[in-house]
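Everything below concerns the one structure shown next.
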Amino acid sequence: MSKPIVAIVGRPNVGKSTLFNKLIGERRAIVEDTPGVTRDRIYGEAEWNGRQMVLIDTGGIEPKNDDIILAQMRFQAELAIETADVIVFVTDVHAGLVADDREIAVMLKKSGKPLVVAVNKCDRVGKPPFEYYEFFELGLDTDPIPLSSLHGSGTGDLLDEIVKNLPPESEEEQKDDSIKVAVIGKPNAGKSSIINKILGEERLIVSNIAGTTRDAIDTHVENKFGNYTFIDTAGIRRQAKVTDSVERYSVLRAHMAVERADVCLIMVDAAEGITEQDERIAGIAHEAGKPSIIVVNKWDSVEKDNSTVNEYTRKINIALAYMTYAPIMFVSAKTGQRVTNLFEQINYVYGQSVTRISTGMLNDVLNEATTRTQPPSDKGKRLKIYYMTQVSVAPPTFVIFCNDAELFHFSYQRYIENCLRDTFGFKGTPIRIVIRQKGDD
């Protein structure tokens with residue numbers, strides 16, 4: 001059985017993300033004094049008095065606003081409420097009890113879920129301000145809890161109340177053995193759309209407004225192929241275009257998502273083709289040593305003939321010459337074309353990234369490679385290669401011991417890498433080779 005879910009909801013700019021960050025003990029949700037910054041649902045884990053829980057930070061609810069983004073934020077919050085075991089309704093003591101609070105309270109009452117009311121921004125320690133008592137008017141059969149998400153006061157009382165309302169503890173803790181998949185790419189490349197198609201539900205906000213997804217969102221998927229956690233990331237823009245601080249946070253989140261991923265899906269817009277920005281984004285995954293799949297999305301929108309796939313593949317391999325190991329898939333999030341095939345590829349490249357080769361087998365390949373092509377020499381001194389061993393996985397990392405590291409030219413390293421790939425595969429994953437100088441016999 002999975003961990004119980006606690007949804008944090010409320011109007012925009014009441015401090016939900018600050019509270020979320022305080023409860024999970026890290027700065028995962030973007031915190032900015034701008035309404036609408038948290039647009040999707042952000043997931044994090046917390047523990048209190050031995051009870052583990054999953055917290056969901058949601059976009060602010062504005063009941064009567066018809067703005068396209070705000071309407072979808074409201075929809076996301078409603079989805080979070082549906083899946084939650086306990087709902088934390090955050091209000092703002094500075095603003096007082098407003099009409100939107102009353103409407104949200106009615107909506108939450110209808111859900112039938114256990115409710116905890118948090119009156120945020122009660123920053124003074126001791127007796128809460130007079131305005132705090134207004135929130136008893138909501139009539140939610142629970143006493144509001146005064147707290148300061150900024151300073152942390154009152155959060156212990158809040159967590160006590162949450163734990164009191166959680167369902168009975170399950171006997172088995174669900175172990176997270178999922179493959180973490182970061183979905184990265186330029187803004188509007190279809191990252192959220194591909195996850196929505198995989199899920200079969202409107203889990204992430206999708207619109208044609210670039211920059212809609214600002215945080216990295218974790219979405220768990222279990223199917224016949226395995227257990228996965230998809231991390232949808234903010235579209236990575238050119239550095240020169242990253243002007244406001246929220247965008248800067250988003251780019252940082254995308255980098256962090258790659259760091260904690262097991263596999264990266266690099267989304268490319270088929271209508272635009274491979275661009276310099278795509279090259280930079282792919283480079284982030286490559287430099288991090290992550291197995292990757294190049295996913296050419298919106299393939300349904302491209303006019304094709306017998307050579308279209310080959311031409312696209314050729315252009316991608318030229319642009320991403322440093323990662324020709326990555327398989328290329330042509331999909332359509334809109335129609336679902338080949339989307340389910342992604343799972344088999346994810347499993348395959350992940351498996352390749354954690355492959356271990358015995359030292360004996362490695363040195364058989366090394367001996368054959370050096371016999372076929374002699375190691376380089378310089379000024380009468382020839383490179384001697386003694387042996388090679390694998391020291392780690394994800395990515396597969398090999399140490400080669402030789403007599404003179406300076407003689408081990410990059411081109412010969414690439415030759416050895418190609419020999420390893422020809423023999424053992426390593427499709428989809430970078431390989432790292434470390435040269436160690438051992439000295440002459």
(request) Scan region 291-318 for residues that are farther than 14 Å from G185 by Cβ and in contact (Cβ under 8 Å) with a residue 24 or more places away in the chain and jot them down. (result) P291, W299, D300, S301, V302, Y312, K315
(request) Hey, can you tell me all the residues within region 288-311 that are buried (at least 21 other Cβ atoms within 10 Å of the Cβ) and outside any loop (DSSP other than H, G, I, E, B)? (result) S292, I293, I294, V295, V296, N297, W299
(message) I'd like the full set of residues that are farther than 14 Å from T91 by Cα and acidic (D, E), limited to region 135-163.
(response) D141, D157, D160, E161
(request) Evaluate region 347-364: report whether one residue or more is modelled with pLDDT under 95, over 30 Å from E406 (Cα atoms), open to solvent by 50 Å² or more (accessible area, probe 1.4 Å) and among the hydroxyl-bearing types (S, T, Y). (result) no
(request) Tell me, yes or no, whether region 222-231 has at least one residue that is among the small types (G, A, S), modelled with pLDDT under 65 and under 19 Å from the mean Cα position of the chain (by Cα). (result) no
(request) Check A95 against each of (1) more than 18 Å from K22 (Cα to Cα); (2) modelled with pLDDT of 95 or more and name the one condition it does not meet. (result) (2)
(message) I'd like to verify a number: residues in region 419-437 that are under 20 Å from F401 (Cβ atoms), assigned to a helix (DSSP H, G or I) and not hydrophobic (A, V, I, L, M, F, W, C), how many?
(response) 1
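Name the single residue that is farthest from V106 (Cα to Cα) among those in region 126-155 being in a helix (DSSP H, G or I) and in contact (Cβ under 8 Å) with a residue 24 or more places away in the chain.
Once the filter is applied, the top-ranked residue is T155.
From D123, D177, grab the single residue that is more than 15 Å from L55 (Cα to Cα), exposed (fewer than 13 other Cβ atoms within 10 Å of the Cβ), in contact (Cβ under 8 Å) with a residue 12 or more places away in the chain and among the acidic types (D, E).
Step by step, each of D123, D177 is checked, and only D177 is more than 15 Å from L55 (Cα to Cα), exposed (fewer than 13 other Cβ atoms within 10 Å of the Cβ), in contact (Cβ under 8 Å) with a residue 12 or more places away in the chain and among the acidic types (D, E).
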(request) Could you check how many residues of region 403-441 are open to solvent by 70 Å² or more (accessible area, probe 1.4 Å) and among the aromatic types (F, W, Y)? (result) 1
(request) Could you figure out which of (1) open to solvent by less than 10 Å² (accessible area, probe 1.4 Å); (2) in a loop (DSSP other than H, G, I, E, B); (3) modelled with pLDDT of 90 or more isn't true of A285? (result) (2)
(request) Hey, can you tell me all the residues within region 98-120 that are more than 25 Å from K3 (Cα to Cα) and either surrounded by 21 or more Cβ atoms within 10 Å (Cβ to Cβ) or of a type in the set (D, E) (or both)? (result) D100, D101, E103, I104, V119, N120
(request) Exactly one condition in (1) modelled with pLDDT of 95 or more; (2) at negative phi is not met by G428; state its number. (result) (2)
(request) Considering only region 132-152, state which residues are open to solvent by 30 Å² or more (accessible area, probe 1.4 Å) and at pLDDT 90 or above. (result) Y133, E134, F136, E137, D143, P146
(message) Can you tell me which residue is farthest from F424 (Cα to Cα) among those in region 384-402 that are surrounded by 14 or more Cβ atoms within 10 Å (Cβ to Cβ), of a type in the set (A, V, I, L, M, F, W, C) and in contact with a strand residue (DSSP E or B) (Cβ under 6 Å, 6 or more places away or on another chain)?
(response) C402
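Answer yes or no as to whether T389 is free of Cβ contacts under 8 Å to residues at least 60 places away in the same chain, outside any loop (DSSP other than H, G, I, E, B) and under 33 Å from the mean Cα position of the chain (by Cα).
Criteria met by T389.
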(request) May I ask you to list the residues in region 106-120 that are at pLDDT below 90 and of a type in the set (G, A, S)? (result) S111, G112
(message) For region 1-24, give me each residue that is touching an Asp or Glu at 6+ places or on another chain (Cβ under 6 Å) and surrounded by fewer than 24 Cβ atoms within 10 Å (Cβ to Cβ).
(response) P4, I5, R11
(request) Output the number of the condition that G154 fails; it satisfies all remaining conditions of (1) farther than 15 Å from G15 by Cβ; (2) in contact with a Cys (Cβ under 9 Å, 6 or more places away or on another chain). (result) (1)
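The values are calculated or read from the model by the stated rules, or taken from the named source; none is laboratory data. It should be emphasised that the depicted structure is a prediction, and the values quoted were computed from it without experimental measurement. All Cβ positions, even for glycine, are placed from backbone atoms using ideal geometry, and neighbour counts span all protein chains on display. Side chains are part of the model used for accessible areas, which takes the heavy atoms of the whole protein and leaves out ligands, DNA and RNA. Shrake-Rupley method; radii C 1.70, N 1.55, O 1.52, S 1.80 Å.
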